[in-house]
1. From A:F72, A:F98, grab the single residue that is closer than 30 Å to A:R226 by Cα, within 11 Å of another protein chain (Cβ to nearest Cβ) and of a type in the set (F, W, Y).
2. Has segment A:113-130 got at least one residue that is open to solvent by less than 10 Å² (accessible area, probe 1.4 Å) and within 30 Å of A:I316 (Cα to Cα)?
3. Quick check on segment A:179-186. Is at least one of its residues open to solvent by 10 Å² or more (accessible area, probe 1.4 Å), outside any helix (DSSP H, G or I) and acidic (D, E)?
4. Give the residues of segment B:307-339 that are more than 7 Å from every other protein chain (Cβ to nearest Cβ) and touching a Phe, Trp or Tyr at 6+ places or on another chain (Cβ under 8 Å), sorted by residue number.
5. Right, B:G309: under 15 Å from the mean Cα position of the chain (by Cα), open to solvent by less than 10 Å² (accessible area, probe 1.4 Å) and without any contact (Cβ under 8 Å) to a residue 60 or more places away in the chain or not?
6. Can we say B:L194 is within 14 Å of another protein chain (Cβ to nearest Cβ), modelled with pLDDT under 95, more than 17 Å from the chain's Cα centre (by Cα) and farther than 22 Å from B:V160 by Cα?
7. Is there a residue in segment A:91-108 that is in contact with a Phe, Trp or Tyr (Cβ under 7 Å, 6 or more places away or on another chain), under 30 Å from A:D197 (Cα atoms), assigned to a helix (DSSP H, G or I) and open to solvent by 10 Å² or more (accessible area, probe 1.4 Å)?
8. Among the numbered criteria (1) in contact (Cβ under 8 Å) with a residue 24 or more places away in the chain; (2) among the small types (G, A, S); (3) open to solvent by less than 20 Å² (accessible area, probe 1.4 Å), which single criterion is violated by A:A42?
Protein chains: 2
Amino acid sequence: MQVPFQTIEEFRACLADAPGPDADAIAAAEARNAQLTKPAGALGRLEALAIWYCGWRADPRARIERPQAVVFAGNHGVVAQGVSAYPAEVTSQMVANFQVGGAAINQLCDAAGARLTVHALQLDNPTDDFTQAPAMSEAEFAAALALGWEAVDPGADLLVCGEMGIGNTTSAAALSAALFGGTGADWAGRGTGLDDDGVALKARVIDAGLALHGEALADPLEALRRLGGRELAAIAGAIAAARAQHIPVILDGFIGTAAAAVLETAAPGALAHCVAGHRSAEAAHGKLLDALQMEPILDLGLRLGEGSGAALAINILKSALACHSGMATFAEAAVSGKS
Amino acid sequence: MQVPFQTIEEFRACLADAPGPDADAIAAAEARNAQLTKPAGALGRLEALAIWYCGWRADPRARIERPQAVVFAGNHGVVAQGVSAYPAEVTSQMVANFQVGGAAINQLCDAAGARLTVHALQLDNPTDDFTQAPAMSEAEFAAALALGWEAVDPGADLLVCGEMGIGNTTSAAALSAALFGGTGADWAGRGTGLDDDGVALKARVIDAGLALHGEALADPLEALRRLGGRELAAIAGAIAAARAQHIPVILDGFIGTAAAAVLETAAPGALAHCVAGHRSAEAAHGKLLDALQMEPILDLGLRLGEGSGAALAINILKSALACHSGMATFAEAAVSGKS
């Protein structure tokens, strides 16, 4: 779908205009669910997930057949502050690894039957260090939102957003503090493997960014421009594009959820087409999910990013739809109801 | 594999002779895991699951390609006591539904690429009501164990055990009380949908069974013979057969885990080749998992049986092996390590 915005204000207008789910499809899916050959409620959360998905697809007997995973990669000026356990060149090295199929996300997409597209966002031109200046200019931010929007395949029936970017848990933590309050210490975690001193430094770096940008952070989109990386902006753009095209989204971990939270705080309800794929071992992710009142599908201690936890959840959602849309009804199977 | 026992005592000897995992494969899988292109530990539980699976398959780079699901169905004399919300004929009706592909387990096996086999165990000849007599004779019990053993395909590389049997949460609850202590009220739950009065009646029925069989329940296999249904015995036989053939097992919900617990209490360590697929909404299942010190992979509020929660977990385990065995190493991908 063509990108319907050129400026940040036009993007904001897209959020306000976002479509909702189809009420008739929800009602029909609920009616079908009540007749399937199982005790009422016996498929637990799978039932609610299937009905939610049917609503967004406007199809009471939908299936998931064309899931897409997008991975956005960006580099971060704030890495100069020593906030990551890995050197910045790992971002481009891992992009190369994604491109030849060697990373976790490649295997997970294969296992889920998902098509993976990888988008490197100016890796040779890191964002500015947010302790010194806004990470992105308005033009850079709008371009990253647009790149994310364009990355979504209109033919997809499910979207997973992943990321790669050395330093981006620092960006996500600063953004989380801007959106939901608290200090660097409340949101800084180990990322790819910091020790205690590293986490303390990261918290101080976040606090410095929060202090520099001050009141400007009250606007969620402006907070993303000032603290976020390009890959976070692209995720926000992709999630908004999915909504416009009635494509449900599985959110991944801390970074992807922080990017998503920008939309929800900017336009409450903007994540109604999203579900949390998992709860990451990065502790701040659980805090974000609580703030967003989202219950993750999986809780397996992953903390890799790349979209890995969300990709792992694709098969759960596929299975929910397979049950909903494939099972026989009591009448079809001639099974007796409750005594 | 030919059934290596004819009597219960011979089955007991099989449990004592069970093989362990391959230590060399575990060491090699751990070494490989440490070199994959991700921060150490970043795939969380997937890493431990992959290494565990490789050990049992004696292959440090194993994959899951031929999963099998077996569903055993049985009828229960104790249903005469009014312990189920559904009439007993639903067992055979659901078996027919499994055979034509209309049940949840059919869809879940399709979504997981698992082959499903369904085994109806003398549905026209329910076990005896355990409040009046042992549910099975010794010959019937041994035959059900053997049927379960034979149901396992030696060519499978993963096994899921499911069940169908109106009344079988009552059997599983009585068995759990026999194995781990407590009264009917501690283990009775809503099953397919009992109200409070129904749960109270079910607890009294369980207590009556515990009182009738008394000290004979101290032997776990004897407890299974006296309280269990044929499908529970078949699950126990299948789990033991899988162990003998180095096939890892995903346990399902309350009934399957109760049957498995018989093996663990009869021969500690007998479930080392098993993992808990999920935590059921039937509250007693969580208690059983705690008693067995097993951490479920999924926790999605399912309470259907049929092997549904375990089948849903197949793709998680497949994905764990896909990452472990398919990812590039740091050296292969020329990705830099920690700074």
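1. Values: A:F72 fails: within 11 Å of another protein chain (Cβ to nearest Cβ).
Going through A:F72, A:F98 in turn, just one is closer than 30 Å to A:R226 by Cα, within 11 Å of another protein chain (Cβ to nearest Cβ) and of a type in the set (F, W, Y): A:F98.
2. Among the residues of segment A:113-130, not one is open to solvent by less than 10 Å² (accessible area, probe 1.4 Å) and within 30 Å of A:I316 (Cα to Cα), which makes the answer no.
3. No, segment A:179-186 contains no residue that is open to solvent by 10 Å² or more (accessible area, probe 1.4 Å), outside any helix (DSSP H, G or I) and acidic (D, E).
4. Correct list: B:L317, B:A320, B:L321, B:G337.
5. On the way: under 15 Å from the mean Cα position of the chain (by Cα): yes; open to solvent by less than 10 Å² (accessible area, probe 1.4 Å): yes; without any contact (Cβ under 8 Å) to a residue 60 or more places away in the chain: yes.
Judged against the criteria, B:G309 is a match.
6. Working: within 14 Å of another protein chain (Cβ to nearest Cβ): yes; modelled with pLDDT under 95: yes; more than 17 Å from the chain's Cα centre (by Cα): yes; farther than 22 Å from B:V160 by Cα: yes.
So B:L194 passes the test.
7. no
8. (1)
The values are calculated or read from the model by the stated rules, or taken from the named source; none is laboratory data. Not measured: the values here are computed from a predicted model. Because the Cβ atoms are built from the backbone with ideal geometry, glycine has one as well, and the counts that use them run over all protein chains shown. What goes into the accessible areas is simple: the full protein's heavy atoms, side chains included, and nothing from ligands, DNA or RNA. Shrake-Rupley method; radii C 1.70, N 1.55, O 1.52, S 1.80 Å.
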